[in-house]
Amino acid sequence: MSVYTATTDAVAGSLTLSALLGTVPLLTFFVTLLVLKTKAWQSGLAALAAALVVAVLGFGMPADLAALSATQGAVFGLLPIVWIVVMALWFYQVTVLSGRFDDMRAIFDSVGGGDIRIQAVLIAFCFGGMLEALAGFGAPVAITATMLLALGLPPLKTAVVVLLANTAPVAFGAVGIPITTAGQLTGIPAAHIGAIVGHQAPFVAVLVPFLLVLIIDGARGVKQTWPALLVIGATFSLGIWMSATHFSYELTDVVASLLAMGAAVVLLRFWRPRGATEAAARLGLPAAERTGELTGTRVWMAVLPYLVVVAVFAVAKLWTFGVDIPAWLASTNVRIPWPGLDGRLVNAAGQPIGSTVYSLPWLSSPGTLLLIAGLIVAAVYSVFDGGGRYRLTMGNALAEIGRCFHRMRWSALTIVSVLSLAYVMNFSGQTLAMGTAVAGVGAAFAFLSPVLGWLGTAVTGSDTSANALFANLQQTAAQNAGLDPALMVAANTSGGVVGKMISPQSLAIAATAVGMEGQESRILRSVVPWSLGLLALVCTLVWLQSGPLAWMLP
């Protein structure tokens, strides 16, 4: 049977021509999505077709190997990626179906103490971070936008606030899927990539609360509320660093959000911001009234899902007393040499590459852990229903899984097509050729690296897709430029978080949520400066971490 070795000069012996031809699938994706206005899954399939043609006719890859590469990518897209995304959405839906989500919203209103500026930060930033961790894919923007509108915040400000708030949490969204994807594609341990992102995202996170209040109430509002903004932003940033580095990158957003919320509760028991009434008047709102008191039981039941998911992941990731749970879970992974592909893709030395072995994490997957956590929460909610006030049966909770799969079917097809595209490009050598060519800029690539993630997320609306498209390119370029590959792959993720706010999907979701359909361009003009400014910050930080600040990396 024939074997294949990826090279950087497969096209007419030229690196330049090979790299240019390798861009055709990516250009196909971007042009069909942005110019022809096709749906994301259609763009993904078109780009996949282009990648197959380029692999076979341009790079000389046997057609059967190209097709088998696509199938391995598709299966990885389904499990664990789609499985995790659907389970994260389902876990969130359990809180909605039970009615406890409304109590959670009331908690944020109550903690804010009637100050719409603080409430907006808690809802858009803290609660939005939890929603990004568990639902992702636009849910945080849509849900928090409706909550801010209910408080009386004007539509345009609401849209800008929720889009800007949905930045730092994106890197760890849907239980760390962007980082999991990058680790799988590059072979770099996902936990290491997550830890590096955990040393980058905090620099963005600490600024976001200040920027949100600046948008809502200008410099005066920041001056009146800065102690709370500093505590929330700093605690959130500390949670990112701590969880991504020492606990679990998958749960980073949940841990950071809970810590920030807890810190705000403590601070606001002893300190209140000035000017809440004046701020409401400047926004054309009546003075906000404190929401009715919640009972202790309702508060605990509302936060129960997030405590349970932290506990389940803590056991799965850290429990080594008596039984090493993490090691046992890892041992259940099923390794499958991909039929017809494994052993036929070889390196320059003629040795088979290891990435053709598919690992099936049926039990250790974060998606399965979310299923376990969700079943625990659903069982508790079905028993303690508050005298019928909160009605959730196990049957309805389980049926919601099917509804979530149906709701996510087109997003799932997009994920599958993009991962298939990534595998074909990686195995055929298209990504290798582009990465080698890009590395020609040398050390300057460290500064430009986040721009690729920013561009990929801005176009696709997904940091996961941006990593699927560019993670291997980042790795190859870093190796050829003498840079740390893990740092550049992490930079792709961190650059993507500040591109999410200007993606067409995010803009459309925000516009719909605030009743500004057809005015996406108006929202875009308001958020572009923030996106570019934060991108410059991330680029500078990554450049420093590649040199003078290398000591700060894990």
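A short reminder: the numbers here are calculations on the coordinates, not readings from a lab. If you're wondering where the values come from, they're calculated on a predicted model, not measured in any experiment. No Cβ is skipped: glycine too gets one built from the backbone with ideal geometry, and neighbour counts run over all protein chains shown.
Candidate cross-link partners of Lys157 among the aspartates and glutamates, defined by an alpha-carbon separation under 18 Å and a same-chain spacing of 8 or more, comprise Asp115, Asp217, Glu278, Glu517, Glu520.
Taking 7 Å steps out from each Cα toward its Cβ at Met394 and Thr332 produces label points 1.9 nm apart.
Between the residues Ala466, Ser382, Ile353, the greatest Cα displacement towards the positive end of the dipole of region 15-552, with unit charges on the Cβ of Lys, Arg, Asp and Glu, is found for Ser382. Under the combined filter of DSSP loop state and at most 13 neighbouring Cβ atoms within 10 Å, region 223-255 retains none of its chymotrypsin sites (Phe, Trp or Tyr not before Pro). Among the trypsin sites (Lys or Arg not before Pro) within region 286-381, those in coil by DSSP and having at most 14 neighbouring Cβ atoms inside 10 Å are Arg290. The magnitude of the dipole of region 282-415, with charges of +1 and -1 set on the Cβ of Lys/Arg and Asp/Glu and taken from the Cα centre, is near 340 debye. About its Cα centre, region 64-182 has a charge dipole of approximately 160 debye under the convention of +1 per Lys or Arg Cβ and -1 per Asp or Glu Cβ, with nothing else charged. Its Cα centre serving as origin, region 15-552 has a Cβ charge dipole (Lys and Arg +1, Asp and Glu -1) of approximately 700 debye. The modelled label-to-label distance for the pair Met552/Asn347, using points 7 Å beyond Cα in the direction of Cβ, is 3.3 nm. Relative contact order of region 154-216, taken over Cα pairs closer than 8 Å and 6 or more residues apart, is 44 percent. Note the angle between two axes, namely the Cα long axis of helix 40-53 and the longest principal axis of the Cα atoms of the chain, as a number of degrees from 0 to 90, rounded to the nearest 10. Helix 40-53 sits roughly 10 degrees off the main axis of the chain. How many nm separate the modelled label positions at Trp271 and Val31, each set 7 Å beyond the Cα in the direction of the Cβ? Label at Trp271, label at Val31, 5.6 nm between them. Extension gain for the segment Thr16 to Arg220, taken as residue separation times 0.36 nm less the Cα-Cα distance, is 68.0 nm to one decimal. By the helix-only formula, in which each DSSP H run with n ≥ 4 contributes -39500 (n - 2.57) and the sum is divided by residues, the chain has a 222 nm mean residue ellipticity of -21500 deg cm²/dmol. May I ask you to derive the FRET efficiency for Trp300 and Leu230 from their Cβ-Cβ distance with R0 = 22 Å, giving the value to the nearest 0.05? Working from the Cβ atoms, E equals 0.20. Here the contact order of region 69-138, divided by its residue count and restricted to Cα pairs under 8 Å and six or more residues apart, works out to 41 percent.
With the highest mean first, a sort of the peptides 403-409, 205-211, 87-93, 158-164 on other beta-carbon atoms found within 10 angstrom per residue produces 158-164, 87-93, 205-211, 403-409. Contact order for the chain, expressed relative to its length and based on alpha carbon pairs under 8 Å spaced 6+ residues apart, stands at 24 percent. May I ask which residue of Leu207, Pro273, Ala49 lies farthest towards the positive end of the charge dipole of region 15-552, with charges of +1 (Lys, Arg) and -1 (Asp, Glu) on Cβ and the Cα centre as origin? Of Leu207, Pro273, Ala49, it is Pro273.
Taking a point 7 Å out from the Cα of Trp319 in the direction of its Cβ, the residues of region 370-407 whose backbone N falls within less than 19 Å of it are 370-380.
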